Amino acid sequence: MTPEEFRTLFPALRSTVWLDTPGAPPGSQPVVDTLRDALDDWSSGGFGWLEWDGAVAEARTLFARFIGVNPTTVSAVGSLGEAAATVAASIPRGRVVVPAQEFRSNLFPWTAGHEVVAVPPRHGSTRLEDLIDALDENTALLAVSEVTSREGQRLDLSALRTATDRVGARLFVNLTQSLGALSFDLAAVRPDYLAVHGYKWLLCPRGAAWLVTRPDLVGELRPLAPGWKSTGPPYGYFAGPMRLATDASRCDASPAWLSWMGACAALRLMLSLDARIVERHCLALATRLIERAREIGLRPLNDGGLSQIVVLRVEEADTVAARLRHGGIRATALGDRVRFGFHYFNNREDVDAVVRVLSK
């Protein structure tokens with residue numbers, strides 16, 4: 001599917017330049033149609049809740065295919081915070097290294113029962129070498145996001161894997177701000193844990209998230225809130241002993257059905273794309289915005305690895321974001337900066353529209 005064909009699946013793009021996918025993307029027609037059909041069935045009473053509940057298993061299989069793992073290693077959870085908290089509650093107590101500027105859903109969960117080493121930024125950015133220097137033989141786990149939401153830096157996960165291997169630490173990777181726009185080399189990174197909330201670049205409704213655990217560590221996992229999903233199929237509903245499922249589904253949350261039905265539609269759409277072509281497209285647009293912004297005197301906050309997210313330092317960011325919105329452009333103000341994100345549905349004209357507004 002070409003970017004132009006993909007773009008036609010998003011009705012909002014007929015009137016809006018959408019560069020706010022780091023916050024949330026507009027709904028794609030296949031996902032919205034799925035949800036509308038479900039609402040119609042709900043309203044008419046024609047739905048079957050067991051069929052709706054089956055969307056979780058389908059989404060698990062689709063996600064496993066997308067990321068390239070065995071479905072038995074995938075837990076279906078409700079958020080990134082839940083995924084991180086599940087791992088935090090399952091691993092032995094120890095020292096966890098995390099960037100001080102990390103998104104709070106991958107920061108606060110580790111404080112429960114662990115000694116957290118928060119690595120401070122330098123010149124406003126998380127430095128790869130500082131994360132590596134913070135690791136030692138007492139480190140149990142390093143938790144990072146591949147792309148930092150605050151400045152749009154793409155961390156070198158392979159280098160972090162090498163560093164954690166050197167000290168015997170585990171690696172938890174959050175792909176919420178990258179998977180779907182950037183390709184992921186599972187074999188190169190070999191994360192012990194991988195988590196992603198699908199409502200950003202994977203185009204899912206909010207409430208569908210996944211935790212992937214290294215196969216030999218699945219047996220350590222403990223559900224945060226054991227329930228009827230913890231024992232695995234065939235599910236029982238009343239009484240009986242709690243025998244956790246032998247695979248990662250032991251940590252499944254009780255599902256919000258509409259979120260998971262929408263997730264199936266979104267993942268089928270994403271599986272129709274070539275992840276490498278999507279990445280090249282998104283990075284080319286990000287590079288174009290960086291170059292055009294520098295021509296008008298604006299500086300990107302990221303001086304590390306390029307990602308599909310561009311963050312520009314501006315004066316009066318809220319005013320700039322309001323001007324952009326008045327011009328039909330969606331972006332997010334973050335204090336002293338404005339953040340833009342490029343998906344496969346964006347194009348060069350979107351970049352040029354931003355530059356026209358910022359030049360005024």
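The values are calculated or read from the model by the stated rules, or taken from the named source; none is laboratory data. No experiment lies behind these values; they were computed from the predicted model shown. FYI the Cβ positions are ideal-geometry reconstructions off the backbone, even for glycines, and counts take in every protein chain you see. To get the accessible areas, we keep the full protein, side chains included, count just its heavy atoms, and leave off ligands, DNA and RNA. Shrake-Rupley method; radii C 1.70, N 1.55, O 1.52, S 1.80 Å.
Points to keep in mind about this one:
- Listed by first and then second residue, the pairs linking a residue in the range 26-42 that is of a type outside the set (A, V, I, L, M) to a residue that is open to solvent by 70 Å² or more (accessible area, probe 1.4 Å), with Cβ atoms under 8 Å apart and 6 or more places separating them unless they lie on different chains, are Pro30/Arg268; Asp41/Phe47.
- Here Arg60, Arg122, Arg95, Arg127 are screened, and the one residue that is basic (Lys, Arg) and closer than 30 Å to Met261 by Cβ is Arg60.
- Filter result for Gly297 (closer than 15 Å to Val354 by Cβ and either among the β-branched types (Val, Ile, Thr) or at pLDDT below 95 (or both)): yes
- Applying the set (1) within 24 Å of Val77 (Cβ to Cβ); (2) in contact with a strand residue (DSSP E or B) (Cβ under 7 Å, 6 or more places away or on another chain); (3) in a loop (DSSP other than H, G, I, E, B) to Gly152 leaves exactly one unmet item: (1).
- Among the helices (runs of 4 or more DSSP H) confined to the range 230-343, the ones with at least 1 residues that are open to solvent by 70 Å² or more (accessible area, probe 1.4 Å) and farther than 25 Å from Gly198 by Cα are located at 275-295, 317-326.
- Hits in the range 82-120 - residues which are within 24 Å of Arg313 (Cα to Cα), of a type in the set (A, V, I, L, M) and in a helix (DSSP H, G or I): none
- Matching residues in the range 82-101 - criterion: being under 19 Å from the mean Cα position of the chain (by Cα), in contact (Cβ under 8 Å) with a residue 60 or more places away in the chain and either surrounded by fewer than 20 Cβ atoms within 10 Å (Cβ to Cβ) or closer than 23 Å to Pro22 by Cβ (or both): Glu82, Ala83, Ala84, Ala85
- Residues of the range 11-38 that turn out to be assigned to a helix (DSSP H, G or I), in contact with a Phe, Trp or Tyr (Cβ under 9 Å, 6 or more places away or on another chain) and more than 17 Å from Glu349 (Cα to Cα), as a count: 2
- Pairs where the first residue, in the range 240-259, is within 20 Å of Leu50 (Cβ to Cβ) and the second is open to solvent by 30 Å² or more (accessible area, probe 1.4 Å) and not hydrophobic (A, V, I, L, M, F, W, C), C-beta under 6 Å, 6+ apart: Ala245/Thr231; Ser254/Gly227
- Here Ala263 fulfils each of the conditions (1) touching a residue at least 60 places away in the same chain (Cβ under 8 Å); (2) more than 24 Å from Val173 (Cβ to Cβ); (3) of a type outside the set (Asp, Glu) apart from (2).
- Thr72 meets the conditions (1) surrounded by 20 or more Cβ atoms within 10 Å (Cβ to Cβ); (2) of a type in the set (Ser, Thr, Tyr); (3) part of a helix (DSSP H, G or I) in every case but one. The failed one is (1).
- Residue selected from the range 205-229 under the condition under 20 Å from the mean Cα position of the chain (by Cα) and buried (at least 21 other Cβ atoms within 10 Å of the Cβ), by the criterion farthest from Ala89 (Cα to Cα): Pro205
- If you go through the range 121-136 and keep only what is surrounded by fewer than 18 Cβ atoms within 10 Å (Cβ to Cβ), in a loop (DSSP other than H, G, I, E, B) and either at pLDDT below 95 or of a type in the set (S, T, N, Q) (or both), you end up with Pro121, His123, Gly124.
This table checks each residue for (1) hydrophobic (A, V, I, L, M, F, W, C); (2) more than 24 Å from Asp247 (Cα to Cα).
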site	(1), (2)
Arg154	no, yes
Leu157	yes, yes
Arg161	no, yes
Ala169	yes, no
Gln177	no, yes
Gly180	no, yes
Tyr193	no, no
Arg206	no, yes
